[in-house]
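Contents: one structure, followed by commentary.
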Amino acid sequence: LFKGTISDNGYLDHLKISDSADEVLREAKDVIREHVREGFKVAEQYVQKAVLFERAAVLAGMADEQLTPRFRIQGSFAYHTVNSPAQNPPQQIDLDDGIYLPVSFISMKGRAQPSVAASGFFTLVEKILTPLCQKYEWDIDRSKSSCIRILINDEVHIDLPLYSIPDKEFKRITEAAYAADSALRSSVEFADFAYRSIPHDQIMLARRNGTWEPSDPRKIEDWFNGAVASHGKVLRRVCRYLKGWRDYQWPECSLSSITLMACAVIVFDELSGDLPDDRDDIALLKVCERLPSLLSGSIPNPVIPGMMLDEKWKPEERRDFQNRAASLYSELTQAITQTYEKSTAISRLQKVFGKRIPNNQTLLLISSEEAEVKAYPAISVPAPAVQRSKSG
Ligand SMILES: [Mg+2]
C-alpha cells in the first residue's frame, strides 16, 4: 500500500511530483542560471562597485575582478525526498538552486570575509532577474532572510541561496581539471569534484541583512546520503511518507523535513539489524512508534553540534506534534497489526495520510504481521536522542 507494485500505484507513487511540474522547474532553473551568469558579466550595469563590494575591498583595489557564478541543486531535489504538496495552496514544490560565487576574501575585523558584500550580492542577483521575471510573469519574493525566492506559478517556486567561496581555493582545485578539459572552465554547474574539495567552513552564505555566515550544504547531503547508504533506500521512502503525513496534517507548520529525517535516522540507527527493503509498512511503524517521544524532547541538528532542531517550537506546537504523532502510531498499528478487514485498514491509513493512500485492496496482504514487527526490536528502547549519533 505504501511502496506500490509494478502494476498498482502505492502511496509513494501519489507523492511523486508530476512530470509537468518537474519540467517547469527544471526549465525555469536553466533559464535563471543562464540569465544570472550573463548578468554577472555586465554586473556594473546593474549595481555600482560600491554596492557590490565591501568598502575595504574597493579601497584595496580588489573590486575589478570578473565574477563568474556556479550553480548547484541542493535540498530535497539533491537527496531525492521531494514530494508533491498535499495542500496547494499554501504548500508548493520547492527547488533549491545554490549560486556559488568564487571571490577573493579579505581580512576584516580579524576574520577572512568575502570581498563581495552580502547585501550587494542580493541586490545584484535580484536586479539581474527582475526583467526575466517580468518576461515570464514570475514573482520575486524578497521576504526570505537567506535566499531569493522566485515564484514560478501557484504550484512551484525556486529558492536561490547565495554563497561565496574563496577564489584562491577554487582556482587551486579547478586548475588541473581545466587543463585536462577546457570545456569545464565555462561550465555553469558547480562541478562535483570542485564542490567536494572546498575546505570545510569556507562556504559562506549571504544573508539579506548584509551578514555572511558559514553554512555548508554538503553536510546535510552527506549525513542523509550516508544514512541511506547504511540503512537502505527504505529510509528515504519512510522520510517521504512522514513528510506526506505532515503535509496532510498541517497546511503550514514548523515541523521541518530535516526534523522528520533526523527522527527517522535515529530510529533506524537504534534498530538491531536492517529493515527489509520490501516492508515499508513495518519500517514506518517502527519509526512512528518512537516519534511521539522523540518529538517530546530535544532533537539534535545532525550536522551542527550543539544546535537543536526543535528550539523554536512553542509548547502548544510541540504538544500538537506529539498528539498527532501518537494518533499516527495508533492508526498505523491498528491498520497493520490489528485489523483483518482490508477496507478498515485502508480507511485508518487514509485518516492520517489522506486520500493519497490508494483505496486498493489488492495491495494489502493479510499475514501474521505482529510476529514480523517484533522481529526487529530496538537495541535499547528508548535511547535518549542526545547520546546517539556518535557513530556516524
Ligand atoms: Mg527552499
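Just a few scattered comments:
- In this structure, Ala86 does satisfy being in a loop (DSSP other than H, G, I, E, B), at pLDDT 95 or above and more than 15 Å from the ligand (Cβ to nearest atom).
- Scanning segment 169-197 for residues that are in contact with a Phe, Trp or Tyr (Cβ under 8 Å, 6 or more places away or on another chain) and either within 16 Å of the ligand (Cβ to nearest atom) or among the basic types (Lys, Arg) (or both) yields a count of 1.
- Checking Ile152 against (1) over 18 Å from Leu205 (Cα atoms); (2) surrounded by fewer than 22 Cβ atoms within 10 Å (Cβ to Cβ), the condition it does not meet: (2)
- Enumeration of residues in segment 124-145 that are out of contact with any Phe, Trp or Tyr (no Cβ under 8 Å at 6 or more places or on another chain) and touching a residue at least 24 places away in the same chain (Cβ under 8 Å): Val125, Leu129, Tyr136, Trp138, Arg142, Lys144, Ser145
- Taking first residues from segment 322-335 that are acidic (Asp, Glu) and partners that are surrounded by 16 or more Cβ atoms within 10 Å (Cβ to Cβ), the Cβ contacts under 7 Å between residues at least 6 apart in sequence or on separate chains come to Glu331/Arg348; Glu331/Leu349; Glu331/Val352.
- Close pairs (7 angstrom Cβ cut-off, 6 or more residues apart or separate chains): surrounded by 18 or more Cβ atoms within 10 Å (Cβ to Cβ) in segment 336-360, among the basic types (Lys, Arg) anywhere: Thr339/Arg348
- Check on Asp141, surrounded by fewer than 18 Cβ atoms within 10 Å (Cβ to Cβ) and more than 16 Å from the ligand (Cβ to nearest atom): no
- Test: residue in segment 289-298 that is outside any helix (DSSP H, G or I) and under 26 Å from Lys219 (Cα atoms): yes
- Of all residues in segment 289-322, those being under 21 Å from the mean Cα position of the chain (by Cα) and not acidic (Asp, Glu) number 18.
- Members of segment 170-219 found to be among the aromatic types (Phe, Trp, Tyr) and without any contact (Cβ under 8 Å) to a residue 12 or more places away in the chain, listed by number: Tyr178
- Screening Ile148 against (1) of a type in the set (A, V, I, L, M, F, W, C); (2) away from the ligand (no atom under 15 Å from the Cβ); (3) touching a residue at least 24 places away in the same chain (Cβ under 8 Å) leaves a single unmet condition, (2).
- Segment 104-128, subset surrounded by fewer than 21 Cβ atoms within 10 Å (Cβ to Cβ) and of a type in the set (A, V, I, L, M), residue nearest to the ligand (Cβ to nearest atom): Ala112
- Qualifying residue in segment 237-248 (condition: farther than 26 Å from Ala112 by Cβ, modelled with pLDDT of 95 or more, among the basic types (Lys, Arg) and in contact with a strand residue (DSSP E or B) (Cβ under 9 Å, 6 or more places away or on another chain)): no
- Residue that is farthest from Arg72 (Cα to Cα) [pool: residues in segment 1-26 that are surrounded by fewer than 12 Cβ atoms within 10 Å (Cβ to Cβ) and among the acidic types (Asp, Glu)]: Asp19
- Residue in segment 53-64 that is away from the ligand (no atom under 16 Å from the Cβ), assigned to a helix (DSSP H, G or I) and within 20 Å of the chain's Cα centre (by Cα) present: no
The values are calculated or read from the model by the stated rules, or taken from the named source; none is laboratory data. The shown structure was predicted, so the numbers you read here are calculated from the model rather than taken from an experiment. Heads up, the Cβs are rebuilt from the backbone with ideal geometry, glycines too, and the neighbour counts pull from every protein chain shown.
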